[in-house]
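To start, the structure itself, in structure tokens.
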Amino acid sequence: MSFSARATITAATVAHGSRGAMLEDFRAHAPSGTYVYMPCRETWTARAVDIVVGRQQVFDKNGKPVRNQTGELVTESASTWLLKHQRVEQMAWVPGHVLLMPVREAVGSWNFHDISPTDILSTFNPFVKSVILRVNEVRDLGDTNRFAFYDRMKIYTASPPEVLQVNEKHLRQY
């Protein structure tokens, strides 16, 4: 067994004790054809899910096992079952989600800023000192012109300069 395979098994064991990854730990993301392992939000392929989880028994509307013409129980792959019963159509980013908290702690809260689109267009820009900048509610620009917002964002995102001028309120620009 390779090191990476041992690490994967160990991670699943740590997340769920000795039981490992189970069917209820996954959600199918229909548009991308991938599967999300919910304990750590990692994406898996259908093949990987099918290997780890195994085949699932098929039940009818009354909860009785379905049998084929020869009387054998009908099964389907775990990925097929997930697409039918635990499917999501869209994944969304949730502001302030706990997944970003370790990153915030790693860079320091003073290096992680949350701002609104109107802050980008403001004369004052103390947020440029941050290592990570999160612009909240970009879709809801309110009275802000989206073209002006786009033009201002180019300064920070499309080939940022080596030096950004900081203009803090009540301080000289530096």
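Just order 40-48, 161-169 by mean Cβ neighbour count inside 10 Å, highest at the front, would you?
Per-residue mean Cβ counts within 10 Å order the peptides as 40-48, 161-169.
How high is the relative contact order of region 98-157, given as a whole-number percent (alpha carbon pairs under 8 Å, six or more residues apart)?
34 percent
Which net charge results when you count Lys and Arg as +1 and Asp and Glu as -1 among the other residues whose beta-carbon is under 11 Å from that of VAL66?
0
When you count, for each residue, the other Cβ atoms within 10 Å and take the mean per peptide, how do 125-137, 68-80 rank with the highest first?
With the highest mean Cβ count within 10 Å placed first, the list reads 125-137, 68-80.
Throughout, read-outs are computed from the coordinates displayed, never taken from laboratory work. Note that the structure is predicted; figures quoted are calculated from it, not measured. Because the Cβ atoms are built from the backbone with ideal geometry, glycine has one as well, and the counts that use them run over all protein chains shown.
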